[in-house]
Amino acid sequence: MKIPYIPEDSPFNQDQKAWLAGFLAGLQTRLLNTDSGSGRGKPPIYILYGSQTGNAEGLAATAASTAKQHGLEPVVKALDEVELEELGTMRRVLIVTSTYGEGEMPDNAQLFWEALSSEHAERLEEMSFGVLAIGDTGYDGFCEAGKNLDTRLEQLGAKRLLARVDCDVDFEEAANTWIETALPLFAEVEGGPDEVAASPAAADTAAPAASAYNRKNPYKSVLAVNRRLSGEGSGKEIRHYEFDLGDSGIHYEAGDALNVVPENNPELVNLLIERLGIKADAAVAKHDQPIAELLTRGFEISTPSRELIAAVEQRAGNADLSRLVQSGDKAALENWLWGKDTLDLLQLNPSLSLSADEFVSLLKPLQHRAYSISSSSLANPDRIHLTVASVRYVSAGRQRGGVCSTYLADRVQEGEQAGIFLTTNKSFRVPADKHAPVIMVGPGTGIAPFRAFLQERQASQAPGKNWLFFGDQTRASDFIYEDELTVMMKDGVLNRFDLAFSRDQAEKIYVQTRMRENGKELYAWLQDGGHFYVCGDASRMAKDVDQALHDVVAEHGGLDAEGATAYVNQLKREKRYLRDVY
Ligand SMILES: Cc1cc2nc3c(=O)[nH]c(=O)nc-3n(C[C@H](O)[C@H](O)[C@H](O)COP(=O)(O)OP(=O)(O)OC[C@H]3O[C@@H](n4cnc5c(N)ncnc54)[C@H](O)[C@@H]3O)c2cc1C
Ligand SMILES: Cc1cc2nc3c(=O)[nH]c(=O)nc-3n(C[C@H](O)[C@H](O)[C@H](O)COP(=O)(O)O)c2cc1C
């Protein structure tokens, strides 16, 4: 929906204007809903999600289907699509959210959280709610976003219908059980389902067609292409993969992620078996499978789990580890653990003895890894392309490799199969309006979804302009996909292409440097309705690009810092500033 116009000379500052615009948009939505004639005055169930890569969004769709089975009319929205004013009118609210960054809200819940956590947030006495949180126990702030929302809603007087559940990476079973428990409780609120109004927005709730393939049942896809993209002189190894979709029926869209189910490095498996002093075919009681199989396909043996670290600390008598654990200095412990795998921990004390059962009980299940898809199904309906950096390093004299990236690079040959499944990400798409300009910032492997976007825009003959910022270390070795991007430039698919190779000159040049240099035009593209996308490294690049965006908007929009923040927040609300960062 278009944001209502607020005159330039109105007596509001930028943030107030942005808030007012949002408020008016919300009001407009409510008036539209009331005007539809379908409402009989009873509230629907709002299923609100915060999701970065689609998992929570998928659960929201599942909850919507379940809600319908209970006679409820669901309205599904991303948290950032909800204005606080509107929240105040909601009676039944089911929230499902992931956690991102370091215990933070996913991108599409950040503005909502800012507003909800403000001291000016209104009371929500009329609301009944439940929160389903998904996360990863490997992170310090496990399910922090869900916990914060749950606590804050209670503080504001809303009534918690059922206890929050915090789900780990294997979230499906726990999440579905929670949804099955929650919806009958919501159906009891406000006199039951028969009094609920049909809402026009409920049309949005169709669950995406569930693929037959998932984490537990991955599709065994043939790896058709495994090709090195980085030049020989590169300090990096980025590879291009193509997975054949065969008769899987998997349909994907540019912006989705493909999950790969890896197997561990057999050399590390053998070293561990040797260290445990057992035979490869020794059975592990609880699992009824040989240890070699469990260590190859069942459990994470590279990155040590918290449980293993705690057990080794207590039993290995290693002064460094004990000092770090007991100091509570997480950063120092992380630093010390950097590059160490489970074998390194066992080697801290050669006389430390663990049985196979004990060792396995201290490991986390081996997880799939997600990769942004680098092809468009319009151009490649039968294959999914990935662009993956192989993680390789030497530590304590032993060559190490990231589990999944080296599984793909070294252990799956072309023509062999690997387990894959799709995660749809409806929040990261090319603009529905084909005329809208697109600005993409994707250095390194961050280029992946933008290669897909460009293919998509070309195949769908979208007339909107496209601008790509790409970079890496050196042009000679790291300009991946140079040939096809050059052709896209010639063909007019790519209207602007700015490159930043950090090591090709004395001073460091990054994509954010290029954004600043071209700030005037960048701002003009945004003013022209441009959509701004970022993909790649979350720890530094995405933060620097965000700062550069604020600076460009301030300088060329004639705004102060507060005004620039309001402008960027408005881009987020309009889903014109989207990120796929990891
Ligand atoms: C939504 C999403 C999209 C993604 N898209 C892409 C993509 O398009 N392309 C891509 O390449 N990746 C992408 N990733 C990252 C990808 O999922 C994996 O995290 C990455 O491939 C590493 O996985 P791995 O199993 O190879 O390494 P892991 O076994 O998980 O090991 C990584 C760990 O190794 C350690 N480590 C790494 N380097 C060193 C070093 N030099 N010294 C010591 N220790 C080190 C660190 O502890 C690090 O956490 C994406 C991630 C997400 C969440
Ligand atoms: C870069 C990154 C940071 C993450 N940070 C956290 C975190 O701090 N706490 C947590 O519990 N989970 C964290 N997770 C795990 C996600 O919450 C989890 O993968 C979730 O299933 C993602 O759901 P979504 O696809 O709906 O965003 C993180 C995941 C990634 C890739």
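Give the residues of the stretch 114-154 that are part of a helix (DSSP H, G or I) and either basic (K, R) or over 23 Å from I179 (Cα atoms) (or both), sorted by residue number.
E114, A115, L116, K147, R152, listed by residue number.
Q314 versus (1) open to solvent by less than 30 Å² (accessible area, probe 1.4 Å); (2) polar (S, T, N, Q); (3) out of contact with any strand residue (DSSP E or B) (no Cβ under 7 Å at 6 or more places or on another chain): which is the lone unmet condition?
Going through (1) open to solvent by less than 30 Å² (accessible area, probe 1.4 Å); (2) polar (S, T, N, Q); (3) out of contact with any strand residue (DSSP E or B) (no Cβ under 7 Å at 6 or more places or on another chain) one by one, Q314 breaks only (1).
Checking V96 against (1) more than 15 Å from the chain's Cα centre (by Cα); (2) closer than 25 Å to H70 by Cβ; (3) not acidic (D, E): exactly one of these is not met. Which one?
Of (1) more than 15 Å from the chain's Cα centre (by Cα); (2) closer than 25 Å to H70 by Cβ; (3) not acidic (D, E), only one is false for V96: (1).
Can you tell me how many residues in the stretch 531-559 are more than 16 Å from ligand 1 (Cβ to nearest atom), in contact with a helix residue (DSSP H, G or I) (Cβ under 8 Å, 6 or more places away or on another chain) and touching a residue at least 24 places away in the same chain (Cβ under 8 Å)?
Of the residues in the stretch 531-559, 13 are more than 16 Å from ligand 1 (Cβ to nearest atom), in contact with a helix residue (DSSP H, G or I) (Cβ under 8 Å, 6 or more places away or on another chain) and touching a residue at least 24 places away in the same chain (Cβ under 8 Å).
Of the residues E274, E263, which is closer than 30 Å to I373 by Cβ and open to solvent by 50 Å² or more (accessible area, probe 1.4 Å)?
Checking each option against the conditions leaves just E263.
Can you pull out the residues in the stretch 230-251 that are modelled with pLDDT of 95 or more and in contact with a helix residue (DSSP H, G or I) (Cβ under 9 Å, 6 or more places away or on another chain)?
Correct list: S230, G231, S234, K236, E237, I238, R239, Y241.
Would you mind stating whether R496 is without any contact (Cβ under 8 Å) to a residue 60 or more places away in the chain and in contact with a strand residue (DSSP E or B) (Cβ under 6 Å, 6 or more places away or on another chain)?
Against the criterion (without any contact (Cβ under 8 Å) to a residue 60 or more places away in the chain and in contact with a strand residue (DSSP E or B) (Cβ under 6 Å, 6 or more places away or on another chain)), R496 qualifies.
Select, from K159, K147, the only residue that is within 16 Å of A56 (Cβ to Cβ) and open to solvent by 30 Å² or more (accessible area, probe 1.4 Å).
Going through K159, K147 in turn, the sole match is K147.
Let's see how each residue does on (1) over 25 Å from the mean Cα position of the chain (by Cα); (2) surrounded by fewer than 21 Cβ atoms within 10 Å (Cβ to Cβ); (3) within 13 Å of R239 (Cβ to Cβ):
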residue	(1), (2), (3)
S353	yes, yes, no
Q367	no, yes, no
V388	no, no, yes
V394	yes, yes, no
A418	no, no, no
L422	no, no, no
P431	no, yes, no
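I need the full set of residues from the stretch 395-415 which are within 8 Å of ligand 1 (Cβ to nearest atom) and within 14 Å of W338 (Cα to Cα), in order please.
Across the stretch 395-415, the qualifying residues are S395, R400, G401, G402.
Looking at the stretch 288-306 only, could you name the residues that are farther than 18 Å from L268 by Cα and either within 16 Å of ligand 2 (Cβ to nearest atom) or touching a helix residue (DSSP H, G or I) at 6+ places or on another chain (Cβ under 8 Å) (or both)?
Q289, R306
Which of (1) more than 16 Å from ligand 1 (Cβ to nearest atom); (2) surrounded by fewer than 21 Cβ atoms within 10 Å (Cβ to Cβ); (3) touching a residue at least 12 places away in the same chain (Cβ under 8 Å) does S118 not meet, given it meets every other one?
S118 satisfies all of (1) more than 16 Å from ligand 1 (Cβ to nearest atom); (2) surrounded by fewer than 21 Cβ atoms within 10 Å (Cβ to Cβ); (3) touching a residue at least 12 places away in the same chain (Cβ under 8 Å) except (3).
With respect to R123, determine if the residue is at pLDDT 95 or above and either open to solvent by 10 Å² or more (accessible area, probe 1.4 Å) or aromatic (F, W, Y) (or both).
The answer is yes for R123.
Are any of the residues in the stretch 244-252 closer than 30 Å to P431 by Cα, touching a residue at least 24 places away in the same chain (Cβ under 8 Å), open to solvent by 10 Å² or more (accessible area, probe 1.4 Å) and within 16 Å of ligand 2 (Cβ to nearest atom)?
no
Here is a yes/no grid of residues against (1) touching a Pro at 6+ places or on another chain (Cβ under 6 Å); (2) in contact (Cβ under 8 Å) with a residue 24 or more places away in the chain; (3) part of a helix (DSSP H, G or I):
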| position | (1), (2), (3) |
| --- | --- |
| A109 | no, yes, yes |
| D170 | no, yes, no |
| T177 | no, no, yes |
| F186 | no, yes, yes |
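Given the residues V388, V325, which is the only one that is within 8 Å of ligand 1 (Cβ to nearest atom) and either basic (K, R) or touching a Leu at 6+ places or on another chain (Cβ under 9 Å) (or both)?
V388
Testing E85 on (1) in contact (Cβ under 8 Å) with a residue 60 or more places away in the chain; (2) surrounded by fewer than 20 Cβ atoms within 10 Å (Cβ to Cβ); (3) within 16 Å of ligand 1 (Cβ to nearest atom), one condition comes back false. Which one is that?
Answer for E85: the failing condition is (3).
Being on the phi > 0 side of the Ramachandran plot and modelled with pLDDT of 95 or more, is that true of even one residue in the stretch 99-106?
Looking through the stretch 99-106, at least one residue is on the phi > 0 side of the Ramachandran plot and modelled with pLDDT of 95 or more.
Taking the stated definitions as given, is E300 open to solvent by 70 Å² or more (accessible area, probe 1.4 Å) and touching a residue at least 24 places away in the same chain (Cβ under 8 Å)?
Answer is no for this residue.
The values are calculated or read from the model by the stated rules, or taken from the named source; none is laboratory data. From a predicted model like this one, the values you see are computed outputs, not experimental measurements. Note: ideal-geometry Cβ built from the backbone for every residue, glycine included; neighbour counts use all protein chains shown. Just so you know, the surface numbers come from the protein's heavy atoms only, side chains and all, with ligands and any DNA or RNA stripped out. Shrake-Rupley method; radii C 1.70, N 1.55, O 1.52, S 1.80 Å.
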